[in-house]
Amino acid sequence: MALLMRLCQRSYSTKLKDHQAALMARSLPKRQALPGVNNIIVIASGKGGVGKSTVAANFACSLAKLGARVGLLDGDIFGPTIPLMMNLHSEPRVNDKNQIIPPQNYNVKCLSMGMLTPPDGAIIWRGPLVMSAIQRLLKGADWSPLDVLVIDTPPGTGDVHLSLTQHTPITGVLLVSTPHKAAIDVTIRGAEMYHKLKVPILGLVENMRYSICDNCNHHIEFFKPVTGSSHPKLPEMLISLPLDSHIADCGESGTPVVIKHPDSEHAKLFNKLALQIWSTLQEKQETNETAKDTNKC
């Protein structure tokens, strides 16, 4: 009983002291920029099945159509889908430096664990192996030169997300979510993780809110409108995508909708997203160059 009383009387501090933080930092890897890669944009959401891979593939292709040099990394080790969506199924080659050469389609360099394993093979790995695979795909590949590397991530806030943020500087995160509360609540948790890791959130891509009638072009809304006031922790919504069979069919056939139907309303939404993010990246680059010139003077 006396021991129980002493345990109950102990106080615990949730805030790390300076020397504790320093000790913990020693064991963490230092963030190192990827050679020849100017920006890294992560496509994320705590929730699964919200369309991250579809957004990642179309966003990457839209950036390439703007003239950017783009790469697309499939960070979903257990459920890779980028090979299907980008129609790249052959095993990549390796250069004389033992670096993987990402195959290219639609002017986008792509790499995925799905290119290195049998299509019907199950990957049964624990955390350390997953993190090692991510590092091999990220730093063991010849990505250079790239303006933007887009990384499609799995659901949750686990090993892949932590490995990415610990090893390389991320320019920003695009969140993807459907409008129903279950998805939004989990997406907010995912956003909180990146806030704690001091990674900027670029905005939100809302998916599957509505459908468009093929006969009359009428919008059929599936959810009530979501506003910033009702969900103050959500970032700015950049685009809202419909639930549409054309987008799904294009993904399954290996030709993203922005490539197969470049003049469609769906493609215009993805192009709008790409243009907005590309403009933000260019403004950031100009600001950094101005700051460097100022410091030289």
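Computed from the coordinates by the stated procedures, all read-outs in this text should not be read as laboratory data. Computed from a predicted structure; not experimentally measured. Cβ atoms come from the backbone with ideal geometry, glycine included; neighbour counts cover every protein chain shown.
Placing a label point 7 Å from the Cα of GLN166 along the Cα-to-Cβ line, the residues of the stretch 130-150 whose backbone N sits under 15 Å from it are 130-136.
Restricting to DSSP loop positions (anything but H, G, I, E, B) with no more than 10 other Cβ atoms inside 10 Å of their own Cβ, which trypsin sites (Lys or Arg not before Pro) remain in the stretch 106-201? Present the calculation step by step, with values, prior to reporting the outcome.
Numbers: sites: LYS109, ARG126, ARG136, LYS139, LYS181, ARG189, LYS196, LYS198; in loops: ARG126, LYS198.
Those that pass, being in a loop and sparsely packed, are ARG126, LYS198.
Histogrammed with a bin width of 10 Å, the alpha carbon distances of the stretch 31-296 distribute as 7, 30, 37, 20, 5, 1, 0 percent, first bin at zero. For LYS139, go through the lysines and keep the ones whose alpha-carbon is under 20 Å away, minus same-chain ones fewer than eight residues off. Correct list for LYS139: LYS30, LYS97, LYS109. Say each of ARG31 and THR287 gets a label point 7 Å from the Cα, pointing the same way as Cα to Cβ; how far apart are those two points in nm? My value for the distance between the label points is 1.5 nm.
Counting neighbouring Cβ atoms within 10 Å and putting the fewest first, the residues LEU88, LEU238, LEU63 line up as LEU238, LEU88, LEU63.
Backbone phi angles across the stretch 265-270, fed through the Karplus curve with coefficients 6.51, -1.76 and 1.60 (θ = phi - 60°), yield HN-Hα couplings of 5, 5, 5, 4, 5, 5 Hz in residue order; Gly and Pro are listed as x. Computed from label points 7 Å out along Cα-Cβ, the spacing between ILE212 and ASN87 is 2.3 nm.
In this structure, GLU221 and HIS195 have a Cβ-Cβ separation that, at R0 = 25 Å, corresponds to a calculated FRET efficiency of about 0.25. If R0 is taken as 45 Å, the Cβ-Cβ distance between SER279 and THR117 corresponds to a FRET efficiency of 0.75.
Please give the length that would be gained between LEU66 and LEU243 if that part of the chain were fully extended, namely 0.36 nm times their separation in residues minus their C-alpha to C-alpha distance (nm, one decimal). Show your work: numbers first, answer last.
Details: separation 177, 0.36 × 177 = 63.72 nm, distance 2.52 nm.
So the chain would gain 61.2 nm between LEU66 and LEU243.
Can you grab the distance from the C-alpha centre of the stretch 251-296 to the C-alpha centre of the stretch 198-227, Å, no decimals? About 20 Å separates the Cα centre of the stretch 251-296 from the one of the stretch 198-227. Residues ILE220, ILE188, ranked from the fewest to the most other C-beta atoms within 10 Å, line up as ILE220, ILE188.
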